[in-house]
Amino acid sequence: MLLATLGEGDSMGVINLFDPDKACATAICRNSGLVWTLSRDELNTFLTTDPAAGVAVLRGLLSQVSKLIRRM
């Protein structure tokens, strides 16, 4: 089942930054692309180091999750 088609600037797997359970989907890349990863530990370190920037990042992540939920 196709859950989403992502394009430039989109993100995936955001939920796993907050929920350590196993991922529930597989991604297939149809074209070349650049993948950036961020572990939960890296996110926690960033949030602790710079709380003001962390709030902005969390807002962005929540926005991405909201968009994905609305699409589904």
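Taking 0.36 nm per residue of sequence separation and removing the Cα-Cα distance, the Ala4/Cys24 pair yields an extension gain of 5.9 nm. Rounded to the nearest 20, the Cβ-based charge dipole of the chain about its Cα centre (Lys and Arg +1, Asp and Glu -1) stands at 320 debye. The relative contact order of the chain comes to 46 percent, based on Cα pairs under 8 Å that sit 6 or more residues apart.
Can you give the local net charge around Gln64? Use residues other than it whose beta-carbon is closer than 13 angstrom to its beta-carbon, Lys and Arg +1, Asp and Glu -1. Neighbourhood net charge equals +3.
Which value does Rg/Rh take for the chain over its C-alpha atoms, Rh per Kirkwood?
Details: Rg = 13.3 Å, Rh = 13.7 Å.
Result: Rg/Rh = 0.97.
Throughout, read-outs are computed from the coordinates displayed, never taken from laboratory work. On a predicted model such as this, the values are computed, not experimentally measured, just so you know. No Cβ is skipped: glycine too gets one built from the backbone with ideal geometry, and neighbour counts run over all protein chains shown.
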